[in-house]
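Okay, so here's the structure we're looking at.
The values are calculated or read from the model by the stated rules, or taken from the named source; none is laboratory data. Predicted, not measured: the structure shown is a model, and the values here were computed from it. We place every Cβ from the backbone using ideal geometry, glycine too, and count neighbours over all the protein chains shown. In case anyone asks, the SASA skips ligands and DNA or RNA and just uses the protein heavy atoms, side chains included. Shrake-Rupley method; radii C 1.70, N 1.55, O 1.52, S 1.80 Å.
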Amino acid sequence: MNDLRITFLRAGELENFIASEEYRRMPVVPISPQRARSQGRNPRAQPDDIALTLAYAGDEMVGYLGAVPDCFFPDGATPQRMAWLSCLWISPSQRGKGLAKKLLHAMLEVWQNRVILTEFTPEVKNLYDRTAALHESEALWGFRGYLRPNFAQILPPKKAFWQKIRPLLRLADAFLAAPNALRIRLLHSAKMPGPVRYLSATDKAADAFIASHTGAQLARRDAVVLEWMLQYPWVTEAPFEDVMSQRYHFTSTARQFKTWLLSLLDDEGRDSAILLLTLREGHLRVPHAWFPDTATARVAQCIFAHAIASGARMLTLYHPRLAVWCRENRHPFFATKRVRRSYFVGSGLEEIRIHQPLNLQDGDGDAAFT
């Protein structure tokens, strides 16, 4: 890799990059158009923030690593600059040659080790384990519930055997659908535990409620950040894969991708909880939730009702209070399990490393966009 060169793209350059002739000619692209537009409007990014690190062998791009600029609030008030790293890709022709390590170290250097990483593969975790500037944080334990049969989607990625019998798994899903629907109808209600208002954006009441319930959360999402999340997702709904899906090695389209911002009201019509929910290919997630401890049961029941009404096949959440409540109380799922989310924190974020476990929401980083 003597002719290998590393280059950087800043947040303010991304939209010009996706409009360039170079981007148009690339057989593999390092960012999708919707992600580039979203990154360019990140309210917590500065135009000069590094958003992509690219590796070239001659004129061919052979690897990339992305960054999402953000702020964290270790003392609950003063913002500190950092970035979430994500979307590491290496060309098959360059794998096993140390290129991933070069990209990672280049990004760590420009961000002065002020980074957090999560949602990584076992292979990538091995790289992080060997990187002195990264330290694994205490894991978050969440809840996953299976509401409707979905074996044809869940099992094939786990083993080649399941891939071979995917048609049989689809038949099993179809065979079990009717009795499972009857189970849900007889035993579980899709009725909300109180009035709900769906929001296209936050209003003054919602803004004030969120601000009063962020507590010691490290990322402290506000109305401006929420509006950005709602208006500029990285995944768009499409009935089939488009050309971009073949050029970009991370998700840019899905047959189903929906987002809801909702407020659960109390008996007097006031906000008692605000939730951001996403549904992608039947998988319901709870990227953000703000509510007092006393509302935990009602919030869980609201999520269950939404899962049933929206046709979700499974639910995953990592909110500590919700995860514990879901494990210990009656729920509509025919099977459940604990799920684990790990984080690596850069050595430049000593203020964050002292928080164990990390006080983060499910959607902090890029999870709310995908």
Exercise for review: List, in order, the whole-Hz ³J(HN,Hα) value for each residue of the range 205-218 obtained from phi through the Karplus relation with A = 6.51, B = -1.76, C = 1.60 and θ = phi - 60°; use x for Gly and Pro.
Suggested key: 5, 5, 4, 5, 5, 4, 4, 7, 10, 7, x, 9, 4, 6
Exercise for review: Give the Cα extents of the range 127-182 along the principal axes, in whole Å, largest first.
Suggested key: 52, 28, 9
Study note, to complete from the structure: In nm, the gap between the two label points placed 7 Å beyond Cα toward Cβ at Glu237 and Ala172 is 3.0
Point to revise | Rg [Å, one decimal], Dmax [Å, integer] - the range 259-310, C-alpha atoms | key: 11.0, 36
Check your understanding: Could you give the Stokes-Einstein D for the range 91-173 in µm² per second, using the C-alpha Kirkwood radius, 10 °C, 1.306 mPa s?
Key -> 97
Point to revise | Placed amide H near Thr253: partners under 5 Å, 5+ positions off or other chain | key: Thr236
Point to revise | For the range 27-119: relative contact order, % (alpha-carbon pairs under 8 angstrom, 6 or more apart) | key: 24
Point to revise | Potential lengthening between Ile354 and Asp293 on full extension [0.36 nm per residue; Cα-Cα distance subtracted] | key: 19.6 nm
Practice item. Return the sequence-ordered ³J(HN,Hα) values of the range 108-114 in whole Hz as given by the Karplus equation 6.51 cos²θ - 1.76 cosθ + 1.60 applied to θ = phi - 60°, using x for Gly and Pro. Key: 4, 5, 5, 9, 6, 6, 9
**Study point:** Signed unit charges on C-beta, dipole axis of the chain, positive-most listed residue Ala201, Gln153, Ala219
**Key:** Gln153
**Study point:** Sulfur and carbon atoms: percent of accessible area, the range 205-307 [1.4 Å]
**Key:** 50
**Study point:** Accessible surface of the range 37-76, 1.4 Å probe, proportion on carbon and sulfur as whole %
**Key:** 41
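Cβ under 11 Å from Leu262's Cβ, Leu262 left aside: what net charge do those residues give with Lys, Arg +1 and Asp, Glu -1? Provide the component values of the computation, followed by the final result.
On the way: positive: Arg197; negative: Asp271.
Within the 11 Å Cβ shell, the charges total 0.
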Exercise for review: Please work out the average accessible area per residue across the chain, using the 1.4 Å probe convention, and give it in Å².
Suggested key: 47
Practice item. Taking every pair of alpha-carbon atoms in the range 1-115, give the share separated by more than 16 Å as a whole percent. Key: 60
Exercise for review: Please name which of Pro33, Leu103, Thr7 has its Cα lying farthest along the dipole of the range 1-149 towards the positive end, using unit charges on Cβ (Lys, Arg +1; Asp, Glu -1) and the Cα centre as origin.
Suggested key: Pro33
Exercise for review: Per residue of the range 140-147, in order, report the coupling 6.51 cos²θ - 1.76 cosθ + 1.60 (Karplus, θ = phi - 60°) as ³J(HN,Hα) in whole Hz, putting x for Gly and Pro.
Suggested key: 9, 9, x, 10, 10, x, 9, 9
Check your understanding: Out of residues 5 or more away from Tyr248 or on other chains, whose amide H comes under 5 Å of its own, with H placed 1.01 Å from N in the peptide plane?
Key -> Val29
Check your understanding: Along the three principal axes, how long is the range 92-245 when you take its alpha carbons, biggest first, rounded to the nearest angstrom?
Key -> 57, 53, 37
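Hey, which of these cross-link pairs are over 24 Å Cα-Cα: Lys102/Lys158; Lys125/Lys159; Lys97/Lys125; Lys125/Lys258; Lys101/Lys337; Lys101/Lys158? Can you show the working numbers first?
On the way: Lys102/Lys158 29 Å; Lys125/Lys159 20 Å; Lys97/Lys125 17 Å; Lys125/Lys258 30 Å; Lys101/Lys337 34 Å; Lys101/Lys158 26 Å.
Pairs exceeding 24 Å: Lys102/Lys158; Lys125/Lys258; Lys101/Lys337; Lys101/Lys158.
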Practice item. Would you please calculate the Kirkwood hydrodynamic radius of the range 11-64 over all C-alpha pairs and express it in Å, rounded to one decimal? Key: 11.7
Point to revise | For the chain: relative contact order, % (alpha-carbon pairs under 8 angstrom, 6 or more apart) | key: 23
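Which whole-number percent of Cα pairs in the chain have a distance greater than 40 Å? Before the final figure, lay out the partial values.
Details: 10895 of 68265 pairs.
Tail of the P(r) past 40 Å holds 16 percent of the pairs.
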Practice item. With runs of 4+ DSSP H residues as the only contributors, calculate the mean residue ellipticity of the chain at 222 nm using -39,500 (n - 2.57) per run, divided by the residue total and rounded to the nearest 500. Key: -9000 deg cm²/dmol
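Hey, with R₀ at 30 Å, roughly what FRET efficiency would Arg197 and Arg37 work out to, going by the Cβ-Cβ distance, to 0.05? Display every interim value, and only then the final one.
Working: r = 29 Å, r/R0 = 0.96.
That gives a FRET efficiency of 0.55.
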Check your understanding: According to the square roots a ≥ b ≥ c of the eigenvalues of the Cα gyration tensor, what is the shape class of the range 232-327, taking rounded for a/c under 1.5, prolate for a/b larger than b/c otherwise, and oblate for the remainder?
Key -> prolate
Study note, to complete from the structure: When the chain is treated as a Gaussian network with springs between alpha carbons less than 10 Å apart, the largest mean-square fluctuation among Ile154, Ile184, Ile274 is found at Ile154
